[in-house]
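The values are calculated or read from the model by the stated rules, or taken from the named source; none is laboratory data. Here the structure is a predicted model, which is why all the values come from computation and not from measurement. All Cβ positions, even for glycine, are placed from backbone atoms using ideal geometry, and neighbour counts span all protein chains on display. Protein only, heavy atoms only, side chains kept; ligands, DNA and RNA dropped before computing areas. Shrake-Rupley method; radii C 1.70, N 1.55, O 1.52, S 1.80 Å.
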Amino acid sequence: MAKHPEIGAPRLLVIDDNVAIHQDFLKVLGSTPEKAAEDEFLAAEAALFGEPVEVSERPTFTIDSAHQGQEGVEKVRQALEEGHPYSMAFVDMRMPPGWDGLETIEHLWAVDPHIQVVICSAHADYDWMDVVQRLGHSDQLLVLRKPFEPIEVLQCANSLTSKWRNERIIRAQVASLERDVSVRTQGLEAATRQLRHLATHDALTGLPNRVLLDDRIAQALTHAHRERHSFAVMLCDLDRFKLINDSLGHHAGDHLLQEVARRLTNVVRDVDTVARLGADEFIIVLSPPTSRKDAEVVAQRVIEAMQPAVEIAGITIHASPSIGIAFYPDDGSSVETLIAHADAAMFAAKQRGRNSVQCYAAGMDAGTHDKVRLESDLHTALALRQFELYYQPKVDTMSGTFYSAEALIRWRHPERGLVSPAAFIPLAEECGLIGPIGEWVLREACRQGRAWQQAGLSPVRIAVNVAASQFRAGDLVETIHQALADAELEARFLEVELTESAVMSDPEESIKILEQLSEMGVLVSVDDFGTGYSSMSYLRRFPIDQLKIDRSFLSEITARSDDASIVGAIVSLAHNLRLKVVAEGVETVAQLDLLKTLGCDQYQGYQFSPPVPAAEFESLMRGAYANGADLANDDALRTRSKLAARRRR
């Protein structure tokens with residue numbers, strides 16, 4: 001008997017208490033020395049007479065023996081453990097003194113349910129139906145009557161081992177397929193979980209977004225209604241967040257939002273919800289029951305949590321929230337109403353000094369409704385040509401004449417009359433209209449400047465304000481170039497005013513844009529100087545022409561020596577950098593006299609003229625305007641700008 005199965009040869013087990021039977025099976029199914037010798041002799045004879053050697057196609061089996069059922073079951077168990085199971089077993093029906101054939105087969109299938117079985121019996125005292133009823137597995141069972149013919153044994157072995165092999169291949173393929181399906185199912189489930197999370201959570205902060213927030217508030221409404229409890233919806237808006245975004249860039253703004261989300265989460269309970277509504281707005285849902293006093297205590301904790309400074313890009317930032325609170329059921333009984341009233345209360349908190357808390361009161365949402373209506377009207381104002389440009393002279397401090405002006409937008413609303421930029425420019429920035437409006441201002445200013453020249457008036461340089469978002473949009477230079485070309489206006493008659501925070505948001509990129517404007521011949525001024533985060537090293541590198549001192553330094557310049565010192569320092573700094581200085585908001589003779597003393601180059605303000613429509617400005621041009629030679633003189637000689645000097649060379 002073979003002790004080590006050949007690779008690829010099916011393993012058979014003969015379980016019979018008759019030793020002679022084992023030899024019979026080996027002669028029929030196995031390989032004996034006599035068979036090997038006979039095959040060798042036939043091959044030699046064929047070779048001697050030059051005849052082809054006939055190769056036997058008989059299947060090869062590896063046969064093991066067991067003389068009792070217990071021994072056979074143990075061999076089957078060991079074969080499974082070794083990883084080389086038997087494909088079939090020939091089992092004698094009677095094997096005294098041990099188990100009979102049926103009991104042996106029951107134990108065999110308990111160990112290896114896939115083994116094929118042939119019952120060998122010389123007796124007819126077992127009915128086939130009784131056998132099947134006891135054993136089951138009729139598709140794995142055959143009966144071979146003793147004495148048997150060799151061909152019967154060979155057919156049984158060949159058929160059942162092939163069946164066993166095919167079933168094993170199918171089981172392996174099914175198992176492989178199940179593994180693939182399981183892996184893919186797990187991947188799909190993970191992807192589904194991720195998509196569900198992305199659909200219900202804010203990508204930046206990981207907090208619930210508006211979709212999940214609405215569901216949480218709806219759950220709180222149901223619970224509060226059923227239990228007759230109240231709960232609070234708290235809206236937190238960061239004060240002056242736009243300044244941080246404009247000054248330090250969106251990366252810094254994102255970092256701040258993530259830190260705010262972390263602090264808010266640490267303030268509330270696990271049963272409460274902190275969500276990001278959008279931009280710099282966060283919602284806190286205080287689960288029921290929540291009293292007014294409880295909500296105010298949490299709001300105060302939020303303010304305290306925001307007090308520690310945040311270090312971003314080497315700059316220490318202090319963030320403060322304005323908080324509005326609405327309560328169910330007093331202030332609303334729906335998701336939309338509660339959020340709207342919390343927003344109105346937050347807006348009231350901003351109006352009353354920021355970094356504070358306001359609970360909703362009737363009438364607070366009037367301002368919010370008005371803002372919504374104004375935004376709706378703003379979307380159509382450009383198409384309906386409701387915008388106008390007013391012009392304010394930039395006056396030479398020493399001579400009192402002017403040859404440049406700032407173009408300032410006004411909105412002539414059909415119902416509200418003339419709307420100030422302070423009322424709609426922030427709204428335009430919020431709703432994404434500042435780009436189209438800014439481009440209209442640029443084109444209209446160029447058109448008007450050229451129209452005055454064609455009317456025979458001496459050329460005047462017109463300054464237009466460019467919003468931070470326009471400056472960072474990437475197409476500013478091309479937009480300006482096209483506006484000048486369409487109006488047929490020389491670039492030297494256009495001046496671009498940028499806020500200090502806008503140019504400092506990305507200094508290196510700002511330098512590239514400013515250099516392109518300089519090469520075109522457009523003058524550049526830094527507006528509201530002194531209110532941002534200017535770096536002196538960058539200021540030295542910026543290709544700019546003028547600094548405009550913010551009006552906040554002029555309001556008390558004659559009363560406060562500190563303000564006068566600041567203005568004097570800015571003038572001295574600018575002149576040392578070969579830049580001109582323009583003061584905004586000059587309203588009195590005393591202010592003008594002090595600016596003359598400090599050496600300020602130009603000024604704007606009601607002391608000379610408020611912003612006026614184009615027709616009135618034309619009248620000013622005819623009366624107090626310095627002639628074209630003065631403008632040329634200003635460009636070539638009096639401008640301390642590095643760029644002007646570069647252009648002269």
Requested in this report: Rounded to the nearest 10 degrees, what's the angle between the helix 335-351 long axis and the longest principal axis of the chain, both from Cα atoms, 0 to 90?
Outcome: 40 degrees
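Count the net charge of all other residues whose Cβ sits under 10 Å from the Cβ of Leu418, scoring Lys and Arg as +1 and Asp and Glu as -1.
On the way: positive: Arg410, Arg412, Arg416; negative: Glu388.
Charge balance near Leu418 sits at +2.
Of Lys512/Lys596; Lys394/Lys512; Lys371/Lys394; Lys242/Lys596; Lys350/Lys548; Lys371/Lys512, which sit over 31 Å apart, Cα to Cα?
Listed pairs above 31 Å: Lys512/Lys596; Lys371/Lys394; Lys242/Lys596; Lys371/Lys512.
Using unit Cβ charges (K, R positive; D, E negative) and no other charged atoms, how large, in debye to the nearest 20, is the dipole of the chain about its Cα centre? Don't jump to the answer; show the numbers that get you there.
Working: 65 positive and 94 negative charges, 681 e Å.
It works out to roughly 3280 debye.
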Requested in this report: Just read off the accessible area of Phe347 with the full protein assembly in place, 1.4 Å probe, to the nearest 10 Å².
Outcome: 70 Å²
Query raised in the report: How high is the relative contact order of region 255-407, in percent, counting Cα pairs under 8 Å that sit 6 or more residues apart?
Result: 13 percent
Requested in this report: Mind jotting down the distance between the C-alpha centroids of region 256-293 and region 183-229, whole Å?
Outcome: 15 Å
Query - Rounded if a/c under 1.5, otherwise prolate or oblate - region 73-198, Cα gyration tensor axes - result: prolate
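Counting other Cβ atoms within 10 Å, keep those with at most 16, restrict to DSSP loop, and tell me which chymotrypsin sites (Phe, Trp or Tyr not before Pro) in region 491-600 are left. Please list the in-between numbers first.
Numbers: sites: Phe493, Phe529, Tyr533, Tyr538, Phe553; in loops: Tyr533.
When the chymotrypsin sites (Phe, Trp or Tyr not before Pro) of region 491-600 are filtered for loop state and at most 16 Cβ neighbours within 10 Å, Tyr533 remain.
Take the Cα atoms of the chain, build their convex hull, and give its volume per residue in Å³.
For the chain, the hull spanned by Cα atoms encloses 337 Å³ per residue.
Would you kindly state how much longer the chain becomes between Arg210 and Glu82 on full extension, computed as 0.36 nm times their sequence separation minus their alpha carbon distance, in nm to one decimal?
Details: separation 128, 0.36 × 128 = 46.08 nm, distance 5.99 nm.
My answer for the length gained is 40.1 nm.
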Requested in this report: Pull up all non-local amide H partners of Leu142: gap of 5 or more, or a different chain, and H-to-H distance under 5 Å with H placed in the peptide plane.
Outcome: Val117, Val118, Ile119
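Can you give me the relative contact order of the chain as a percent, contacts being Cα pairs under 8 Å and 6 or more apart? Before the final figure, lay out the partial values.
Working: 1006 pairs, mean separation 52.9, N = 649.
RCO, the chain: 8 percent.
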Requested in this report: Would you kindly find the accessible area of Ile566, with a 1.4 Å probe and non-protein molecules such as ligands, DNA and RNA excluded, rounding to the nearest 10 Å²?
Outcome: 70 Å²
Requested in this report: With a cut-off of at most 15 other beta carbons within 10 Å, and DSSP calling the residue loop, which trypsin sites (Lys or Arg not before Pro) in region 264-325 qualify? Please list them.
Outcome: Arg269
Query raised in the report: Toward the positive end of the charge dipole of region 173-291, about the Cα centre and with charges on Cβ (Lys, Arg +1; Asp, Glu -1), which of Leu264, Leu238, Val285 goes farthest?
Result: Val285
**Report entry** Exposed-loop-free span, longest in the chain, where GluC sites (Glu not before Pro) count as exposed if DSSP calls them loop and at most 11 other C-beta atoms lie within 10 Å
**Finding:** 58-414
Query raised in the report: Under the Karplus relation 6.51 cos²θ - 1.76 cosθ + 1.60, θ = phi - 60°, what is the ordered set of whole-Hz ³J(HN,Hα) values for region 286-296, x standing for Gly and Pro?
Result: 8, 4, x, x, 9, 8, 4, 5, 4, 5, 5
**Report entry** For region 488-503, 3J(HN,Hα) per residue [Karplus equation, 6.51 cos²θ - 1.76 cosθ + 1.60, θ = phi - 60°, Hz, x = Gly/Pro]
**Finding:** 6, 10, 5, 4, 5, 9, 10, 10, 10, 10, 10, 6, 4, 5, 5, 6
Query raised in the report: How large, in percent, is the carbon and sulfur part of the accessible surface of the chain at a probe radius of 1.4 Å?
Result: 52 percent
Report summary line: Expressed in nanometres to one decimal, the distance between label points 7 Å along Cα→Cβ at Leu188 and Ser469 is 4.2 nm
**Report entry** Gyration tensor verdict on region 228-290 (Cα atoms; rounded if a/c is under 1.5, prolate if a/b is larger than b/c, oblate otherwise)
**Finding:** prolate
Query - Charge sum, other residues only, whose C-beta stays under 13 Å from Asp237's C-beta, Lys/Arg counted +1 and Asp/Glu -1 - result: 0
Query raised in the report: Let a ≥ b ≥ c be the square roots of the eigenvalues of the Cα gyration tensor of region 450-571; is it rounded (a/c under 1.5), or, if not, prolate (a/b larger than b/c) or oblate?
Result: oblate
Query - Exposure of Tyr606 as accessible area (Å², to 10), given a probe of 1.4 Å and all protein chains - result: 140 Å²
Requested in this report: Could you tell me what percent of the DSSP beta bridges with both partners in the chain are antiparallel, to the nearest 5?
Outcome: 45 percent
Query raised in the report: Given a 1.4 Å probe, how much area per residue of the chain is accessible, in Å²?
Result: 50 Å²
Query raised in the report: Which aspartates and glutamates have a Cα less than 15 Å from the Cα of Lys580, not counting those fewer than 8 places away in the same chain?
Result: Asp396, Glu495, Glu497, Asp527, Asp528, Asp545, Asp550, Asp601, Asp634, Asp635
Query raised in the report: Using a basic spin-label model with each label point 7 Å from the Cα along Cα→Cβ, how many nm lie between Met398 and Leu457?
Result: 2.7 nm
Report task. Count neighbours as other Cβ atoms within 10 Å of each site's Cβ, and list the trypsin sites (Lys or Arg not before Pro) in region 416-509 that are DSSP loop with at most 10 such neighbours. Result -> none
